[in-house]
1. Here is a list of conditions, (1) part of a loop (DSSP other than H, G, I, E, B); (2) touching a helix residue (DSSP H, G or I) at 6+ places or on another chain (Cβ under 7 Å); (3) open to solvent by 30 Å² or more (accessible area, probe 1.4 Å); (4) not assigned by TED's automatic domain parsing to the domain that holds Phe186, and Gly310 meets all of them except one; can you say which number that is?
2. Taking the stated definitions as given, is Lys165 in the same structural domain as Ser250 (by TED's automatic domain parsing), more than 16 Å from ligand 2 (Cβ to nearest atom), open to solvent by 10 Å² or more (accessible area, probe 1.4 Å) and closer than 18 Å to Glu226 by Cβ?
3. Please list, ordered by residue number, the strands (runs of 3 or more DSSP E) wholly in region 344-441 having 3 or more residues that are not hydrophobic (A, V, I, L, M, F, W, C).
4. Before we move on, is Ser278 touching a Gly at 6+ places or on another chain (Cβ under 8 Å) and over 24 Å from Gly429 (Cα atoms)?
5. Which strands (runs of 3 or more DSSP E) sit wholly inside region 89-171 and have at least 1 residues that are more than 23 Å from the chain's Cα centre (by Cα)?
6. Please indicate, with yes or no, whether at least one residue in region 141-157 is among the charged types (D, E, K, R), surrounded by fewer than 23 Cβ atoms within 10 Å (Cβ to Cβ) and away from ligand 2 (no atom under 16 Å from the Cβ).
7. So, of the residues in region 111-129 that are more than 12 Å from ligand 1 (Cβ to nearest atom) and open to solvent by less than 10 Å² (accessible area, probe 1.4 Å), which turns out to be farthest from Glu84 (Cα to Cα)?
Amino acid sequence: MRRHWWQSYGNGSDAEGPGKCISGEYRIDLHIHVGKACGKPVKIPSSCDMTVPRILEAALYDKGLDALGIVDCNSRWVVADLDELIQAGDLKEVEGGGLLWRKKLLVIPGAEVEIDKDGRPFHLVAFFPGIVQCREFTAFLMPHCANVNMSTPRVNIDPGSLLRKVESLGGFSAIAHAFTPYKGYFGSAGTRLSPWLERAYGFLPMLEPGSYSPFGKGTTGHIALELGLSADTTMADRISELHGFPFLSSSDAHSPQRIAREFTVLYMELPSFEGVKSSLFGGSMRFQVANVGIDPRLGKYHRSVCGKCGSFLDSQAYANGTCPACGAKRPHFVKGVKERIDEIADLEEGNHPPGRPPYIYQVPLSMIPGIGPVTASRLSHALGGEIGVLHGSSHDDISRVAGVRVADTIMALRAGRYGVKEGGGGRYGEVWTYLPHSKHI
Ligand SMILES: [Zn+2]
Ligand SMILES: [Zn+2]
């Protein structure tokens with residue numbers, strides 16, 4: 001049985017209006033990359049659209065997010081752009097950390113880095129209360145990497161000292177896109193996280209499952225796990241050690257369109273860095289409301305694929321090392337998250353620990369056949385951003401802007417009445433809906 005937004009949220013026709021969360025609930029996408037800052041490329045190839053001001057506008061107005069994380073604040077160019085917005089009075093530092101843009105959007109500065117475990121690289125993201133801590137973190141990284149100003153620098157550093165540095169600056173960390181075959185911890189570097197973390201921190205920084213009490217009884221390790229597009233909580237909770245970690249859903253967006261394709265809903269009294277940290281990790285306010293993300297079957301690394309002929313490979317075929325369709329050998333295979341979790345899971349079913357929030361599926365407008373960019377933008381601007389369209393608007397609201405057929409489609413997706421062609425090997429899956437009078441839209 002699929003979970004639906006309105007089971008935890010109300011159906012959008014409540015007093016707060018379309019797309020609005022219950023008071024105190026914040027939609028946050030913590031993993032967004034910058035393409036260019038100060039006119040210089042931060043990421044290559046980069047989307048020229050991904051400047052800091054454009055990201056903020058897209059997140060607030062096109063998507064309807066309440067908070068975001070910019071994960072390239074290791075780059076001095078990105079920090080300079082943020083500084084400029086602070087000087088202009090558009091961006092203000094908040095009590096409790098974080099920055100507020102136009103009094104509405106909470107911005108959490110962060111840095112994604114590539115580190116390795118026994119020669120196998122994976123990505124880790126660190127988040128900080130403010131620019132000052134980002135600068136200090138960057139200075140700490142600088143001697144250990146070739147170019148700290150570019151996105152996701154590879155750092156040659158002992159992971160323990162890196163994680164402890166994040167803690168000492170009041171930050172928290174997350175294992176990025178944990179299951180993806182390239183640069184995800186479980187995808188390429190390890191089959192268990194706890195022993196590595198225990199070595200790195202000197203203790204095991206786990207939550208007491210389901211506990212809303214202070215985190216880890218006085219420990220000081222704050223680390224979450226980002227699910228990535230091809231996994232959901234049910235898949236990840238098949239690895240029992242992960243029951244002790246909060247799960248983040250984030251977009252890893254490199255273009256404005258992809259912002260908020262996955263996001264986390266957190267409860268905070270007031271939006272701030274400390275609010276985010278304590279709702280994830282502890283204190284009296286630990287309260288994560290939901291993970292929202294695309295159906296993992298649509299993720300581009302969901303299934304294992306033969307890179308030569310494109311056929312899907314089940315766990316058996318992968319283990320045999322020969323593609324049953326074309327005879328290609330394992331070096332051509334791209335392992336999928338589904339088969340990877342099958343391989344390393346210790347639980348048959350993804351039983352959730354108490355307190356694990358619901359995972360709510362969504363299909364971003366850009367992945368819905370029959371909805372082009374013009375319709376998508378008209379809908380988003382009329383109905384409180386893409387999030388409002390997908391989760392908070394009524395059939396009437398949508399049909400008034402884009403017609404009955406589009407409204408039928410979005411309602412069908414919301415209700416889980418859709419079919420999927422799975423994704424894999426770097427290609428996204430496809431979705432179609434069952435509508436009256438037509439097989440496909
Ligand atoms: Zn990454
Ligand atoms: Zn990233």
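The values are calculated or read from the model by the stated rules, or taken from the named source; none is laboratory data. Note that the coordinates shown come from a computational prediction; the quantities given were computed from them, not determined experimentally. When we count neighbours, we look across all protein chains shown, and the Cβ atoms used for this are built from the backbone with ideal geometry, even at glycine. Note: areas computed on protein heavy atoms with side chains; ligands, DNA, RNA excluded. Shrake-Rupley method; radii C 1.70, N 1.55, O 1.52, S 1.80 Å.
1. So the condition that Gly310 fails would be (2).
2. Taking the combined requirement at face value, the residue does not satisfy it.
3. 359-362, 418-421
4. For Ser278, the condition - touching a Gly at 6+ places or on another chain (Cβ under 8 Å) and over 24 Å from Gly429 (Cα atoms) - is not met.
5. By residue number, 91-93.
6. Within region 141-157 (the criterion being among the charged types (D, E, K, R), surrounded by fewer than 23 Cβ atoms within 10 Å (Cβ to Cβ) and away from ligand 2 (no atom under 16 Å from the Cβ)), the answer is no, since none of the residues qualifies.
7. If we take residues in region 111-129 being more than 12 Å from ligand 1 (Cβ to nearest atom) and open to solvent by less than 10 Å² (accessible area, probe 1.4 Å), then Ala126 is farthest from Glu84 (Cα to Cα).
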